[in-house]
1. Please turn the phi angles of segment 69-86 into ³J(HN,Hα) values with the Karplus equation 6.51 cos²θ - 1.76 cosθ + 1.60 (θ = phi - 60°), one per residue in order, whole Hz, x for glycine and proline.
2. Determine the distance separating the Cα centre of segment 143-204 from the Cα centre of segment 76-95; give it in Å without decimals.
3. So how much slack lies between Val207 and Asp193, counting 0.36 nm per residue of separation and subtracting their Cα-Cα distance, in nm?
4. Of the listed peptides 181-187, 219-225, what is their order by residue-averaged count of other C-beta atoms within 10 Å, with the highest listed first?
5. What nm value, rounded to one decimal, do you get for the distance between Asp168 and Leu130 when each label is placed 7 Å out toward the C-beta?
6. If only Cα atoms are counted, what is the Rg of segment 1-103, and what is its Dmax, in Å?
7. I'd like to compare 167-179, 71-83, 200-212, 27-39: which one has the highest average count of other Cβ atoms within 10 Å, and what's the full order after that?
8. Mind pulling the angle between the C-alpha long axis of helix 221-239 and the longest principal axis of the chain? Nearest 10 degrees, somewhere in 0 to 90.
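Coordinate-derived values only; no laboratory data. Model, not experiment: these values are computed from the prediction. Here the Cβ positions follow ideal geometry from the backbone for every residue, glycine too, while neighbour counts run over all protein chains shown.
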Amino acid sequence: MIGTPLPVVFLHGIRVSGTMWRPQLREVGRHRPVSAPDMPGHGHRRGERFTMRSAVETVAEEIDALGGRALVAGLSMGGYIGIAAASRLGERVAGLVAMGCTAAHRPSLTVPYRLTSRLFNALPDGGAWLNRQIFAAAAGRTAAAAIGERGFATDAVSDVLDALLAFDPVEELARFTGPVWLVNGSRDHFRVDEQRFLEACVDGRLVIVPKVGHLLSFSTPHVVAQLINEAAEHVEDTARPQTA
């Protein structure tokens, strides 16, 4: 590879933290600088108020610390934050891999998440044990231990949902002129608007990972790492001056 490898900033999902990306940080990190910051209200930043603006500022700070330009990759909440960052940070976002986030938010879509977060928050441990069991069933106990290493930010869920309801991902996606990979598990319920999202992209492509659901970074960690490496290499190749 010629030149400095393009860094990757990983953005985590709701109520978890940057530790959810440990397999991808290890694999992608063999080839390029990587980072997985905690978003406001999550992980080491529990107690902070989550807003989309503060989340995008977190992404901007992380990109600047890595040299000023990076590929951004996010899952679920992280995917929506990635879309906002791509729209608002200009050329600092060299490309976007947005996973499990092709559903335009409607109040009805948020109801199950609000009810679940109330259940978690009503439990003596804030739902920590139950969250660990959910992720262990989805990803195995080793992965679940890494995912829950910094706790589960069930108290941030309401603020996140409010921010997402006030956010138009399709409109913001249309403002980004760089390359976009929309990635969904074939069984993901967040696929409902994927064609609208794809049509909004100036330079977009849709990737479907077969036989997995919403948590594809947990279910197929190597596939996701490989896809992100390929996306970063594509951005590097298109930015490299062509020789005669």
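1. Result, rounded to whole Hz: 7, 7, 7, 10, 10, x, 10, 6, 3, x, x, 5, 4, x, 4, 4, 5, 4.
2. Rounded to whole Å, the Cα centres lie 10 Å apart.
3. So the extension gain works out to 3.6 nm.
4. 181-187, 219-225
5. Going by the 7 Å Cα→Cβ label model, 3.6 nm.
6. In order Rg, Dmax, the Cα atoms of segment 1-103 give 12.7, 43 Å.
7. Highest-to-lowest ranking by the protection proxy: 71-83, 27-39, 167-179, 200-212.
8. 30 degrees
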